[in-house]
Amino acid sequence: NLTKRYGSFVAVDNLNLKIKQNSFTGFLGPNGAGKSTTLKILTNLSRATSGEVYLNGTNVAENPKKALSGVGTVVETPEFYDYLTPDEIFRYIGEVLGMKSESIKTQTSEILEKVKMTEWADKKIGTFSKGMRQRISLGLSLLDDPSVIILDEPTSGLDPRGTAEMREIL
């Protein structure tokens, strides 16, 4: 019964959804249909007007730290400090997540290979195309081996080959 209102405008109207473990679910609809709003509520970036959201059995609004533990996300357009490299961003995010240094290094190497960005690991992100930034953001969502991944328009900015590769990675 998830609902989100902005004044008299109803962005999400009584949504009921259950997603099975080890599955993919996509939201399709026109601009303004409430897709990104729903994802923001799922990731505690916005509060529902009414209704509840549970991730892995935990209420997101009541215990966001526990609910979002083990959740990798990319919501809306990823933004990075242009002067950092992918290696530096992965290390920073890994530290924020409380990962051990060796695990960060191993995961970073594996993920950059998976998203086909290994040769760019030490290059400044400010020189990257939108598609390259999208690959880095997907990689970051995978960093701590999450049990749930929430992505908002994961193929935005990717060419057809990049879109196919993204689906293969997922």
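The values are calculated or read from the model by the stated rules, or taken from the named source; none is laboratory data. Source: prediction; values computed, not measured. Every residue, glycine among them, receives a Cβ derived from its backbone with ideal geometry; neighbour counts consider all protein chains shown. Only protein heavy atoms, including side chains, enter the accessible area calculation; ligands, DNA and RNA are left aside. Shrake-Rupley method; radii C 1.70, N 1.55, O 1.52, S 1.80 Å.
Observations on the structure shown:
- Among residues of region 80-102, those that are open to solvent by 30 Å² or more (accessible area, probe 1.4 Å) and in a helix (DSSP H, G or I), counted: 9
- When region 108-134 is limited to residues that are in contact with a Gly (Cβ under 8 Å, 6 or more places away or on another chain) and open to solvent by 40 Å² or more (accessible area, probe 1.4 Å), the one that is farthest from residue 66 (Cα to Cα) turns out to be 129.
- Identity of the residue in region 19-74, at pLDDT 90 or above and basic (Lys, Arg), that ends up nearest to residue 2 (Cα to Cα): 47
- Residue 30 fulfils the conditions (1) within 27 Å of residue 139 (Cβ to Cβ); (2) open to solvent by 80 Å² or more (accessible area, probe 1.4 Å) except for a single criterion, (1).
- Taking each residue of region 151-167 that is open to solvent by less than 30 Å² (accessible area, probe 1.4 Å) and looking for partners that are of a type in the set (A, V, I, L, M, F, W, C) and modelled with pLDDT of 85 or more with beta-carbon atoms closer than 6 Å, six or more apart or interchain, yields 152/39.
- Output for region 33-68, where each listed residue is free of Cβ contacts under 8 Å to residues at least 12 places away in the same chain, open to solvent by less than 100 Å² (accessible area, probe 1.4 Å) and either assigned to a loop (DSSP other than H, G, I, E, B) or in contact with a strand residue (DSSP E or B) (Cβ under 6 Å, 6 or more places away or on another chain) (or both): 33, 57, 63
- Only one entry in 74, 12 is within 14 Å of residue 152 (Cα to Cα), touching a residue at least 24 places away in the same chain (Cβ under 8 Å) and among the hydrophobic types (A, V, I, L, M, F, W, C), namely 74.
- Screening 77, 25 for residues that are in a loop (DSSP other than H, G, I, E, B) and in contact with a helix residue (DSSP H, G or I) (Cβ under 9 Å, 6 or more places away or on another chain) leaves exactly one candidate, 77.
- Residue, farthest from residue 84 (Cα to Cα), within region 135-149, restricted to residues that are part of a loop (DSSP other than H, G, I, E, B) and either open to solvent by 60 Å² or more (accessible area, probe 1.4 Å) or out of contact with any Lys or Arg (no Cβ under 8 Å at 6 or more places or on another chain) (or both): 147
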